[in-house]
Structures are given as structure tokens and as C-alpha cells.
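Peer 1: Here it is, the structure in full.
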Amino acid sequence: MPESMSIGGPAKAGHYIGPRLAAWALGALTAVALAGSVYRVPIQVSDSLEVIERVIPMPSATAAFVDGLHNSPTMLRPLKEVRTRLLVQAGEALGGRYHLVFRGYHALAGALLVALFVWVCRARSWTDVAALAAALAILTGMHTFVGLFRESFPVNHYLIVAVSALATFALAQSRGGWLADLAAIMLLANAALSFESGLLVWPVAVAAYASGLRGISGRGIVLMTVVVVLYAGLRVGYLGKTGAGVGERGTGFGAGALTQEEQIARFGNHPVFLYAYNVTMTASSVLLSQPQIGRFTVVSAWNNGSLPPVFIVQIASSLLTTVLVAWYAFSRGPTGSRRWREPVPLSFLAVLAVSALMSYAYAKDEIISTAGVFYAAAAYVALRALFALRPPAWAGALLIVVALTVSSAWAVRSAGLHLRLRHGAFEARAGWAYVLWPTSRAAWPKDAHTLQIVSRMREEALLHPTVAPAMLPKWTELWWGED
Amino acid sequence: MRRWMTVALSVVLALPPTLVLLAFAASGTTALTTGQPLFWPAQPVTLTEAIGMHDTAEIVRQIALGANPNIRYDTWDILKRYQHVSVTPLEAAVATREQNLFEMIVAHGALLTAENARTLHCFAVQEHATDIAAYVAARFPPPASCDGVQLPW
């Protein structure tokens with residue numbers, strides 16, 4: 001067992017039971033809290049209803065897959081169409097309970113993500129459990145985490161990528177075998193054909209292997225590499241898809257934002273500078289919580305004459321946590337080697353680097369959401385290592401004060417996830433007010449079956465009231481930011 | 001690490017996140033079982049309050065469930081801070097200056113008549129809601145004067 005997975009564990013297996021149960025209890029609480037907020041978000045209209053309406057009349061899942069291969073010059077997401085179709089069919093089979101199926105799917109996927117996180121952390125002692133409690137707050141408090149749940153298209157593919165990447169790491173930690181290899185290959189194929197960022201599964205597997213984990217064998221890594229090559233061949237060689245370029249969509253820059261036209265005007269001839277900015281700032285966003293979506297929101301707030309506590313909480317907690325992770329990564333383990341070579345830190349670095357590179361054309365918090373998940377795992381191993389220190393009393397007291405500050409700040413941030421999801425629920429529900437507009441019947445779906453399903457989805461969304469942001473106390477904006 | 005340090009560090013790391021977690025797990029359980037969370041649940045609002053908050057979905061829901069878009073509703077702390085104002089949905093839409101809200105209410109059954117057109121047009125002019133004023137003027141001739149028409153908010 002590699003070093004980063006065995007620190008502080010008790011000698012006897014029987015001693016694991018209490019901490020293990022406590023760890024899973026923390027995971028269960030996190031999952032329930034998350035599910036309660038995620039399930040309240042209605043099915044989304046923008047970027048979502050058109051996909052639903054497109055797949056309903058299709059004769060089969062295969063037809064949906066083929067459509068997904070060809071319906072965009074830049075995107076290759078055939079499993080998105082297949083998944084959407086299967087969920088619609090499941091909703092029909094349950095008597096028109098589409099909200100239950102679509103939002104239940106997201107709530108369950110969130111619970112799965114939390115369960116995988118707890119599994120990967122492998123808390124075996126009470127000090128591990130304490131570190132896990134803080135790490136779960138970091139996981140859910142990261143500003144990138146909400147992007148896994150707030151929107152859906154109609155299924156959130158960033159969530160699929162995060163779950164697949166974490167599951168791949170869990171497989172790498174396992175005892176291995178051909179089944180583990182096969183599962184890793186399936187996870188990669190499933191994630192990559194759901195969304196381009198799904199390719200992140202491959203660097204996770206490679207980094208885990210390079211750090212000494214053998215749950216996915218060398219043969220498995222080779223086969224996964226073949227899958228990546230085949231994907232590239234399908235995407236570029238066969239289907240002729242192109243990548244994103246300058247002006248693909250608006251992005252943050254400095255303290256402001258650039259429209260598509262502004263990007264072309266400023267960087268159209270020399271895009272490297274914009275690409276370099278996006279890549280470095282994306283990595284910085286994970287490590288320091290700034291900039292967000294490429295924009296230094298803290299600078300614009302400062303320029304506007306106020307610095308709400310949300311910035312202090314976010315930046316201070318991220319800065320201190322990143323310092324902790326960096327200390328851990330550059331310290332030496334019992335074998336004398338630097339700890340960044342251990343599975344968790346190395347996988348985090350790999351995911352961070354590849355995610356940042358994937359953000360070259362424009363910044364988007366969701367693209368780095370998987371890096372945020374691995375950041376929390378890296379923070380867990382670093383927090384756990386604190387218990388192995390032998391500081392003098394004064395330094396120990398200082399450490400405890402700093403730890404209290406950091407864990408409190410992350411606890412505050414994790415509460416903000418639920419507020420953001422309330423905002424998301426309001427927006428998603430509001431979108432349905434404009435669907436099936438009474439005086440524009442010509443724009444309604446022509447097919448009776450599609451119309452019936454859309455009507456039912458609309459009814460489900462509208463009949464479940466959500467809190468309006470205008471009703472929320474003003475202080476929520478100060479502590480968790482404007483939406 | 002000394003024992004007291006280990007215990008103290010464990011407590012300070014685990015306690016704040018666990019307290020928040022317990023609170024939101026209770027909220028999440030309530031949301032899953034009763035339909036509304038403990039923290040930041042939906043609040044009951046009148047039709048005009050929903051309009052004032054740009055809550056389009058709530059507007060459509062209330063009208064679909066039978067709310068009359070042609071009568072006055074009490075509106076608390078939305079159009080006028082900490083005060084009750086009694087307005088019709090179309091008047092509330094003028095207060096938001098959002099033409100799309102105005103059109104939404106008309107599309108869902110609010111009547112724009114010769115009787116209310118003058119008041120609505122004058123409100124729109126006084127609120128600088130030029131789009132809505134133009135919308136009303138396109139259907140009914142604009143009034144010669146707005147004398148005596150006072151904004152209720």
C-alpha cells in the first residue's frame with residue numbers, strides 16, 4: 001500500500017470498524033444534504049429541452065447514438081443523447097415522473113461521487129475521520145463543485161467525468177485483475193463519449209500507475225491508451241470534428257470579461273497569449289479560488305469600493321489549504337522520496353494540468369470541477385499527515401488555531417453550495433414559464449408524444465415552488481457571493 | 001504529536017464541517033420527504049409579489065391554479081420597502097419595467113382594456129418603462145394627460 005494511503009492507521013484490523021463507520025456516516029450525511037438540494041432543481045430548459053425533444057421521436061438508443069456522432073462540428077457526445085433517451089423512457093415507464101428520474105439520477109450520481117470520495121480516502125483511524133470531515137467540506141465547498149449539479153444538459157456531463165475519474169482512481173487502489181482493467185476501459189469509453197473532458201480518466205489511470213498503484217495493470221493502461229488513440233481517430237480522422245478556437249464563447253480576462261468579438265479583435269492573430277492566460281488562470285482558480293471563470297472578481301469588487309467576506313473566506317481558505325498541500329507534496333515520506341510522487345498528489349497534479357490545458361480556449365469553472373474533487377483528496381492526505389508532526393507546544397497551539405480557521409472557512413463555503421443550488425433551482429424553473437407559450441402554439445412540438453412529455457415536464461417543474469433569490473436575506477450575498 | 005494536540009486538532013478539523021453537515025443533512029432529509037428544505041425554503045407569495053420578484057414560473061403556476069390576473073393583490077416589501085401596496089398584476093409588471101413580464105401576464109389572461117390602458121400607460125411613463133408604454137400605446141391611443149394618476153408605490 002503506497003504511503004499516502006497508510007499513514008496513521010492502527011495496527012489491528014478490528015480497530016478500523018469504529019472509524020470506518022464514522023467515515024461512512026459522514027459520507028452518508030454529505031450525500032443526503034447534497035441530494036436534498038440537487039433533487040429540488042427542476043429539469044433545465046436551456047441546452048436541455050432541445051436535446052430531449054430531439055431524442056423522443058428517435059426509434060432506438062442506437063439511433064440516438066448515431067445522431068450524437070454527427071450533430072455538431074465540434075462536439076462528440078453520443079452517449080449524452082443515449083442517456084437522455086433512456087431517462088425519458090424511464091420517466092414514461094414510471095407514469096410520467098420525469099423529475100423523479102432526471103433529478104433522482106443527479107442526486108444518486110452525487111451520492112455515488114461522495115461514496116467514491118470516502119472510499120478513495122480510506123479513513124482507518126479517528127484522526128483520519130477528522131481529516132475526512134474537513135476534506136468533505138473542501139470537496140463540497142469548492143466553487144467548482146456546484147458546477148457538477150447546478151446545470152444539466154439535460155444530464156450534467158461534468159458529473160459523469162468526475163465520477164468516472166474518481167472511480168478509476170478507486171480501481172487503481174484495488175487489488176486489480178482483468179475485471180478492474182475492463183472496468184477502467186469502460187469508464188474511459190463511457191466518459192469520453194459522454195463529454196470531451198471524459199478523457200481525464202486516462203491521466204488519472206496513468207498517474208496512479210506511475211505512483212505505484214497496480215489495481216489497473218500495465219496491460220490495462222496500454223488498452224486505455226489505445227482507446228484514447230481510437231477516440232482521437234474517430235473524432236478527428238473519421239468525423240472531422242474541430243477544436244475550439246479564439247472567440248468560441250465569452251471568457252473572463254483580468255478584472256473583466258471579453259466577448260467573442262473582443263477576443264478575436266485582441267487575440268485573433270496571436271491566440272497563444274489568451275490560451276496561456278486561460279490555462280494558467282484555470283489552474284490558479286483551483287488552487288486559490290481566483291480568478292473565477294477567468295475573471296478576478298476580487299479585483300472588480302475592490303475597485304467597486306467593497307470587499308465582501310466571501311472573498312476573504314474563499315481566498316484565505318484556498319491559500320492555506322494549497323500551502324498545506326504544497327508542504328505535503330514537497331515533504332519526504334519514510335522512504336525518503338518526495339510525496340508528490342504518491343498516488344493522490346500525483347493524480348491531482350495530472351488532473352489539474354490536463355484540465356487547465358483543456359480550458360485553453362475559454363475559462364469555465366465546470367471544466368476544472370474534476371480537478372476540484374482531486375484537490376479535496378490531496379487536502380485529505382495532507383491534513384492526515386499533520387497528525388504525524390511533532391511540534392513544540394506553542395507551534396502545536398498555533399497549528400490548532402490555523403486548522404480551526406481553515407475548517408470553519410470551508411464549512412461556511414460548503415453551506416454556500418446549497419444556496420447556489422437554490423439559485424439554480426429558481427433559474428431552471430423560471431425557464432419553463434416560457435415553454436408552451438399560450439399565444440405561440442405554432443412553436444409547440446408538432447409530435448403529440450413529444451408535446452405530452454414536454455407538457456408533463458413543464459407541469460412538474462412549475463408545480464414545485466422554489467425560493468426566489470429576492471426573498472433570500474441580504475447577508476447570504478455577502479458570505480456566498482452574488483449569483 | 002502529543003495526545004492533547006492530537007485530540008484538539010481532530011476536534012477543530014472535524015467540528016465546524018460536521019455541524020454544518022448535520023444542519024444541511026437535516027435540511028436535505030426534510031426536502032426529500034416533505035418537498036421543502038429547512039434552509040431557504042420557498043415562501044408563499046401573492047401573484048403581484050411574484051411579479052415584483054421576476055418569478056416567472058410562480059406567475060404561471062398561480063394563474064394556472066386559478067389566480068385571477070385581473071384583480072388587485074397585496075404586495076409587501078417588494079414595490080415599496082416595508083410597506084403594503086395593493087396593485088393589479090399588470091401594474092406590478094409596469095413597476096418592474098420588464099416588457100416580457102407585462103406580455104407574459106397578458107398572454108396568461110390579464111385584460112388590457114380601454115379602462116386600465118390610461119392608468120397603465122401613465123404608470124409606465126412615470127416609471128420610464130418606455131417599452132411597456134409603447135406596447136400599451138400600440139393598442140390604445142395614449143392619454144392626452146396623466147393628471148391625477150399617481151404611482152401607488
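Peer 1: Please give the net charge around residue A:424, taking every other residue with its beta carbon less than 12 angstrom from that of residue A:424, where Lys and Arg add +1 and Asp and Glu add -1.
Peer 2: +3
Peer 1: So how do A:449-462, A:372-385 stack up, highest first, on mean other-Cβ count within 10 Å? Don't jump to the answer; show the numbers that get you there.
Peer 2: Numbers: A:449-462: 19.1, A:372-385: 26.0.
Final packing ranking: A:372-385, A:449-462.
Peer 1: Given all pairs of different Cα atoms, what value in angstroms does the Kirkwood hydrodynamic radius of the protein assembly as shown take? All intermediate terms of the calculation are to be shown ahead of the outcome.
Peer 2: Details: mean 1/r = 0.0375 Å⁻¹.
It works out to 26.6 Å.
Peer 1: With just the Cα atoms defining each centre, how far is segment A:384-437 from segment B:1-63? Give it in Å.
Peer 2: 13 Å
Peer 1: From other protein chains only, count the Cβ atoms within 10 Å of every residue's Cβ in A:127-136, then give the mean.
Peer 2: Working: counts 7, 1, 4, 11, 4, 3, 9, 7, 2, 4.
If you average over the peptide's residues, the count of other-chain Cβ atoms is 5.
Peer 1: For each of B:1, A:281, A:75, count neighbouring Cβ atoms within 10 Å of the residue's Cβ, then give the residues from fewest to most. Walk me through the intermediate numbers first.
Peer 2: Details: B:1 17, A:281 24, A:75 14.
By the 10 Å Cβ count, ascending, the order reads A:75, B:1, A:281.
Peer 1: Order the peptides A:54-62, A:30-38 from the highest to the lowest mean number of other Cβ atoms within 10 Å of their residues. Intermediate results must be reported in sequence, preceding the final value.
Peer 2: Details: A:54-62: 15.0, A:30-38: 27.1.
Going from most to least packed, we get A:30-38, A:54-62.
Peer 1: Report, as an integer, the average count of C-beta atoms from other chains found within 10 Å of each Cβ along A:467-476.
Peer 2: On the way: counts 9, 12, 4, 9, 10, 2, 1, 0, 0, 1.
Average per residue, whole number: 5.
Peer 1: Could you tell me the relative contact order of chain B? Use alpha-carbon pairs under 8 Å, at least six residues apart, and round to a whole percent.
Peer 2: Working: 167 pairs, mean separation 24.0, N = 153.
Answer for chain B is 16 percent.
Peer 1: Quantify how strongly other chains surround peptide A:427-439 by giving the mean number of their Cβ atoms within 10 Å of each of its Cβ atoms. If you can, show how the numbers build up before the last one.
Peer 2: On the way: counts 1, 1, 7, 7, 2, 4, 11, 5, 1, 1, 5, 6, 4.
Across A:427-439, the average partner-chain Cβ count within 10 Å equals 4.
Peer 1: Around residue A:206, with a cut-off of 14 angstrom between Cβ atoms, what is the net charge of the other residues, counting Lys and Arg +1 and Asp and Glu -1? Working shown, then result.
Peer 2: On the way: positive: A:214, A:219, A:341; negative: A:181.
Here the count lands on +2.
Peer 1: Find which of A:57, A:113, B:116 sits farthest along the positive direction of the dipole of the protein assembly as shown, computed with +1 on the beta-carbon of Lys and Arg, -1 on that of Asp and Glu, about the Cα centre.
Peer 2: The residue sitting most towards the positive pole is A:113.
Peer 1: Now for a different question. Can you compute the equivalent ellipsoid semi-axes for segment B:1-42, i.e. the square root of 5 times each eigenvalue of the Cα gyration tensor, sorted largest first and rounded to whole Å? Write out the running numbers ahead of the final one.
Peer 2: Working: eigenvalues 230, 12, 3 Å².
Those come to 34, 8, 4 Å.
Peer 1: I've got another one for you. In Å, the Kirkwood hydrodynamic radius of segment A:118-198 over pairs of distinct alpha carbons? Walk me through the numbers on the way to the answer.
Peer 2: On the way: mean 1/r = 0.0703 Å⁻¹.
Kirkwood hydrodynamic radius for segment A:118-198: 14.2 Å.
Peer 1: To the nearest µm²/s, what D does Stokes-Einstein give for segment B:47-139 at 25 °C and 0.890 mPa s, using the Kirkwood radius over alpha carbon pairs as Rh? Don't jump to the answer; show the numbers that get you there.
Peer 2: Details: Rh = 12.9 Å.
In µm²/s, the coefficient is 190.
Peer 1: A further question on this structure: Cut-off under 29 Å on the C-alpha distance; same-chain residues fewer than 8 positions from residue B:80 excluded. Which lysines are left, in chain and number order?
Peer 2: The reachable lysines, counting only those whose Cα sits under 29 Å from residue B:80, are A:474.
Peer 1: Among B:104, A:471, which comes first, second and so on when ranked by fewest other beta-carbon atoms within 10 Å? Show your work: numbers first, answer last.
Peer 2: On the way: B:104 23, A:471 18.
Fewest-to-most ranking of B:104, A:471: A:471, B:104.
Peer 1: Work out the length of the dipole vector of the protein assembly as shown about its Cα centre, built from +1 on the beta-carbon of each Lys and Arg and -1 on the beta-carbon of each Asp and Glu, and round it to the nearest 20 debye.
Peer 2: So the dipole magnitude of the protein assembly as shown works out to roughly 2420 debye.
Peer 1: Would you give the gap between the C-alpha center of segment B:71-93 and the C-alpha center of segment A:56-81, rounded to a whole Å?
Peer 2: What the calculation gives is 48 Å, centre to centre.
Peer 1: Give the lysines reachable from residue A:241 as a straight Cα distance under 18 Å; neighbours fewer than 8 places away on the same chain don't count.
Peer 2: Partners within reach: A:80.
Peer 1: Related question: Check cross-link reach from residue A:364 to the aspartates and glutamates: straight Cα distance under 20 Å, and skip same-chain residues fewer than eight apart.
Peer 2: Straight-line reach from residue A:364, under 20 Å: A:47, A:151, A:196, A:248, A:261, A:262, A:427, A:482, A:483.
Peer 1: For chain B, which DSSP H helices look membrane-span-like by this rule: Cα extent along the axis of 27 Å or more and mean Kyte-Doolittle of at least -1.0? Display every interim value, and only then the final one.
Peer 2: Values: long enough: B:3-34 (44 Å, 1.38).
Helices passing the filter in chain B: B:3-34.
Peer 1: For segment B:1-87, what's the radius of gyration and Dmax over Cα atoms, in angstrom?
Peer 2: Reported Rg and Dmax, both Å: 22.1, 73.
Peer 1: Return the whole-Å distance between the Cα centroid of segment A:315-337 and the Cα centroid of segment A:466-483.
Peer 2: Result: 34 Å between the Cα centres.
Peer 1: Okay, moving on. How would A:157, B:121 line up from fewest to most surrounding beta-carbon atoms within 10 angstrom? Please report the intermediate quantities before stating the final value.
Peer 2: On the way: A:157 21, B:121 25.
By the 10 Å Cβ count, ascending: A:157, B:121.
Any read-out appearing in this document is the output of simple, stated calculations on the displayed coordinates, not a laboratory observation. Model, not experiment: these values are computed from the prediction. So basically every Cβ, Gly included, is an ideal-geometry build from the backbone, and we count neighbours across all protein chains shown.
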